[in-house]
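Just so it is clear, none of the values below were taken in a lab; they were calculated from the coordinates. Owing to the predicted nature of the structure, the values given are computational and were not obtained by experimental measurement. Please note: Cβ atoms are built from the backbone with ideal geometry, for glycine as well, and neighbour counts cover all protein chains shown.
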Amino acid sequence: MDTLIQRLLVAFHHLRKKLDHDMQAMTSYPVTRTQFILLLLISREGSPKLARLAEEMNVQPSAITVLIDRLEKLNYVKRITDPDDRRSVRVELTPLGREIIHDFRQKRRGILKSYLNRLSEEEIRTLIELLEKIANGDPFDTEGKGQ
């Protein structure tokens, strides 16, 4: 089992590296990977508070402030005052930020499609089912053995 786990870890590592490389080759955004993850999170959340972003990214609020400052200078995000709590600041994507996220998602979809073109439809279904099974399973269930 340890050998299989090691093979899986290596495969995940190579896949992530390949996806990162292919995405970087197709895009030319002047942001770091962390900043891009933050943009995706803001897109998903709508207009989250800075504290929420820090919590989601598991970083100090001051680190989020620095990241948001950079993204704001690029005109990808803007700060807004929380209408329910004037002491709180929220952040949302600008039209340019939304355009970049849309472009990124289309390119990512195209890259994944090119990866999946190497598999049969049955292999794709099996892959999805297995990934869903892993994602939805209890990580502490050592007795399940695939049940």
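Using a 7 Å offset from the Cα along the Cα-to-Cβ direction at both residue 75 and residue 94, what is the distance between the two label points in nm, to one decimal?
That separation, rounded to one decimal, is 0.5 nm.
Quick check of the Kirkwood formula: for the stretch 27-136, what is the inverse mean of 1/r over all pairs of different Cα atoms, in Å?
Working: mean 1/r = 0.0631 Å⁻¹.
It is 15.9 Å.
Test of understanding: extend the Cα→C-beta vector of residue 27 to 7 Å, then name every residue of the stretch 100-120 with backbone N under 18 Å from that spot.
100-115
With +1 on each Lys and Arg Cβ and -1 on each Asp and Glu Cβ, how big is the dipole of the stretch 42-93 about its Cα centre, in debye rounded to the nearest 20?
160 debye
Taking 7 Å along the Cα-to-C-beta vector as the label spot, tell me the residue 7-residue 129 distance in nanometres, rounded to one decimal.
The two pseudo-label positions are separated by 2.0 nm.
Find the percent of Cα-Cα distances in the stretch 44-88 that exceed 18 Å, and round it to a whole number.
Here the tail beyond 18 Å accounts for 28 percent of pairs.
Quick one: angle between helix 33-45 and the longest Cα principal axis of the chain, in degrees between 0 and 90, rounded to 10, please.
80 degrees
Could you size up the charge dipole of the chain around its Cα centre, putting +1 on the beta carbon of Lys and Arg and -1 on that of Asp and Glu, and report it in debye to the nearest 20?
640 debye
What length, rounded to one decimal in nm, is gained on full extension from residue 65 through to residue 40, with 0.36 nm per residue of separation minus their alpha-carbon distance?
7.4 nm
Treating cross-link reach as a plain straight distance, find the lysines whose alpha-carbon is under 21 Å from the alpha-carbon of residue 133, omitting any fewer than eight places away in the same chain.
145
Let me check against my output: what whole-number percent is the relative contact order of the chain, with C-alpha pairs under 8 Å and at least 6 apart?
On the way: 89 pairs, mean separation 29.4, N = 147.
20 percent.
Helix 2-26 versus the longest principal axis of the chain: what angle, 0 to 90°, nearest 10, using Cα atoms?
So the inclination is approximately 50 degrees.
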